[in-house]
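Only one structure is covered here, and it is reproduced in the block below.
Here, each number is a calculation from the coordinates, and none is a lab measurement. Only a predicted model underlies this, so the values are computations on that prediction, with no experimental measurement involved. FYI the Cβ positions are ideal-geometry reconstructions off the backbone, even for glycines, and counts take in every protein chain you see.
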Amino acid sequence: MTFLKVKGLEKRFGGRHAVDSVHFDVAAGELVGLIGPNGSGKTTLLNMLSGHLAPDGGTVTLEGREVTRLPVHRRARAGILRMFQLTRVFDRVSTLDNLLVAGRGLGLNARDALTRARALLDELSLSPVAALDAGRLSGGQRKLLEFGTCFMVPPRIALLDEPFAAVHPSMREIMGRFVRERHALGQTFLLVSHDMPVVREMCERSVCMNAGSILADGNTEDVLNDPAVIEAYLGGEAA
Amino acid sequence: MGNSERRLRAEFHGSLVILALVAALPLVLTSVYWQGVVIVSLYYALQAMGWNLVTGYTGQMNLAPAAFAMVGAYGVGLLSHHWGISPWLGVPVGVAAAAGIGLVLGRIVLPLQGAYVALTTLSFAEILRLVIGNSYSVTRGDLGLNVPTVFDGRLPYYYLMLAVVVLVQIALYALMRSRMGLFLQAVRDDEVAAASRGVSIVWWKTLAFVVSSAICGLAGTLYAPFAGLISPELGLILNTGLVVSMVVIGGMGTMIGPIVGALLVYTAGEMLREVGDYHLIVFALLVIVFARFFRGGIWGLLQLGADRLPGRRETGAREG
Ligand SMILES: Nc1ncnc2c1ncn2[C@@H]1O[C@H](COP(=O)(O)OP(=O)(O)O)[C@@H](O)[C@H]1O
Ligand SMILES: [Mg+2]
């Protein structure tokens, strides 16, 4: 059985296809890079996987269970955890409590949530700001915090939308190490990134989108050397 | 223990100190008139506590707290007027009616955002008031309803209202310490992010509305036998405005703000009674100033002052 199966997913905005009959599978334990020029539909695709957008067609199946119509919070509990391109944290509660919201929301009891949150704070070097309201954190710290909330309960699959963009290198390093370690332990990821060296280094496999469709899917090195992919990126930059 | 737990505990203990002072007040405050003023302050404190749950903690701009107090009061009044049922038995009925209507209102505003929640709850409140004001054969309209007293004298009402405020405060504290407190604040700060972490925003927002409405209804059921006469004026938007100003001035989204705000604002209003309705202008200005510059209200200002004291610096930023 395929771990995550995306079949014919499509989304139109005012007649224009943002995502156009996209098919792909993710196997358990894979770390798949999702690349493509700006506006190619990566975030829209993630929105349909996490339930934030209802697709106009197609299905999403996780471990044999169709989740296409499941509301966001039930999909999160089914293990599809998502990090947004524009950071979303709870500004007026503390860093620690941000993690506790995720822990309790995903079904942990109070004690386990606290234990888990403390461990994550340590691992992400956020312990010194645990008691600060998240609204007072730096942009990078907020990103780290949102990243952390994806892992309060090990997700079935983590969908990360540009986690490394506009983040201080030291924090990028923390997140990168975290992803590599979890991946080594079998955690499944779908990683959207603009940063080609990062994708090249972290992902064995990549999917490249362009104008809502999948342009190439396979070994990252092959995808990045695919003339159509190079062309799409150059075209995107020229635009 | 989470950081918000420590914050909650400080606010809760602070509120108990204030309420203990209120309990001791009749020792020196022997004027029946001023005891009555405190009773009405506590009536508003309950509404403020209910409103704070749904607006301060959950971020849903509900402009119907006074309407729910009116519903509670009419629950007591109608049972007594038509069937001669004791106000004591009317209390659970009034609370249940307010909670039920709160459930309906909660479901209506669920998909709405920001200003639309305010507009919808405001219209809803006005409709409720107009229905009660115009259902002459049932409610006697603007003539109002007489409600029999349940006690002789002021002090029993004083301590009943105070005891209920304490009990509701304890219940709210327990709610806020549970995962519900975390979830409501998460919904307030970012609904999309809350849902993305498994929080059912439909369920928690509805629950916040129901509990908030029930508390406001409870306030009305207790007010009715104390006042002896209830009318649709209880549900005036002006009274909702008073509730809002109390919470904003006291400290919105805190356990203590609604209680401090209600006591201060209502008694100040009584003291300024001679100058006419100008005190409302003062409160309105205060609300603007607090909402703009002191989001934490009076409680927030006190905290700021305490943090500046020598030896207290940075303790807030350390985890114990
Ligand atoms: N909510 C929306 N309404 C209308 N158009 C949208 C919306 N979201 C995305 N789009 C459009 O869909 C296309 C894909 O966008 P997006 O998925 O954000 O791309 P990417 O994440 O790859 O940069 C773009 O043309 C974008 O303008
Ligand atoms: Mg994007």
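In percent, what relative contact order does chain A have, based on Cα pairs under 8 Å that are 6 or more apart in sequence? Can you show the working numbers first?
On the way: 457 pairs, mean separation 63.3, N = 239.
In percent, rounded to a whole number, it is 26.
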*asked:* Using Cα-Cα distances under 8 Å and only pairs 6 or more residues apart, what relative contact order does the stretch B:37-109 have, in percent?
replied: 22 percent
_Tell me whether chain A comes out rounded, prolate or oblate; compute the Cα gyration tensor, take square roots of the eigenvalues as a ≥ b ≥ c, and use a/c under 1.5 as the rounded threshold._
prolate
_Residue by residue through A:67-80, how many Cβ atoms from other chains fall within 10 Å of the Cβ on average?_
3
*Cα-projected label distance for residue B:115 with residue B:146, points at 7 Å along beta-carbon direction, nm*: 4.8 nm
*Which distance in nm do the two modelled labels at residue A:13 and residue B:237 give, with both placed 7 Å along the Cα-to-Cβ direction?*
3.7 nm
*residue B:203-residue A:127 pseudo-label distance in nm [points 7 Å out on the Cα-to-Cβ vector]*: 3.4 nm
*Counting only DSSP beta bridges with both residues in the protein assembly as shown, what percent are antiparallel, rounded to the nearest 5?*
60 percent
_Length gained when the stretch residue A:222-residue A:204 is fully extended (0.36 nm per residue, less Cα-Cα span)_ = 5.5 nm
*Using packing as a proxy for protection, rank B:173-185, A:88-100, A:33-45, B:56-68 so that the peptide with the highest average count of other Cβ atoms within 10 Å comes first.*
B:56-68, A:88-100, A:33-45, B:173-185
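Based on the Cα atoms of the stretch A:90-154, what semi-axes does the equivalent ellipsoid have, where each is the square root of 5 times one gyration tensor eigenvalue, given in whole Å with the largest first? Each step should come with its number before you reach the end.
Working: eigenvalues 61, 26, 20 Å².
Semi-axes, largest first: 17, 11, 10 Å.
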*Neighbourhood net charge (14 Å Cβ-Cβ; Lys/Arg +1, Asp/Glu -1) for residue B:261*: 0
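Taking beta carbons within 10 Å but only from partner chains, what does the mean come to for residues A:98-109? Write out the running numbers ahead of the final one.
On the way: counts 6, 2, 7, 13, 8, 4, 9, 12, 3, 1, 2, 1.
Per residue, the number of nearby Cβ atoms from other chains is 6 on average.
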*Relative contact order, percent, of chain B when contacts are C-alpha pairs under 8 Å separated by at least 6 residues?*
31 percent
_Quick check: from the Cα gyration tensor, does the stretch B:175-320 come out rounded (a/c under 1.5), prolate or oblate?_
oblate
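Counting only other chains, what is the mean number of Cβ atoms within 10 angstrom of the Cβ of each residue in peptide A:82-94?
Working: counts 3, 1, 4, 0, 0, 1, 8, 4, 10, 4, 10, 10, 7.
Mean number of neighbouring Cβ atoms from other chains: 5.
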*Find how many whole Å separate the alpha carbon centroid of the stretch B:120-149 from the alpha carbon centroid of the stretch A:105-152.*
49 Å
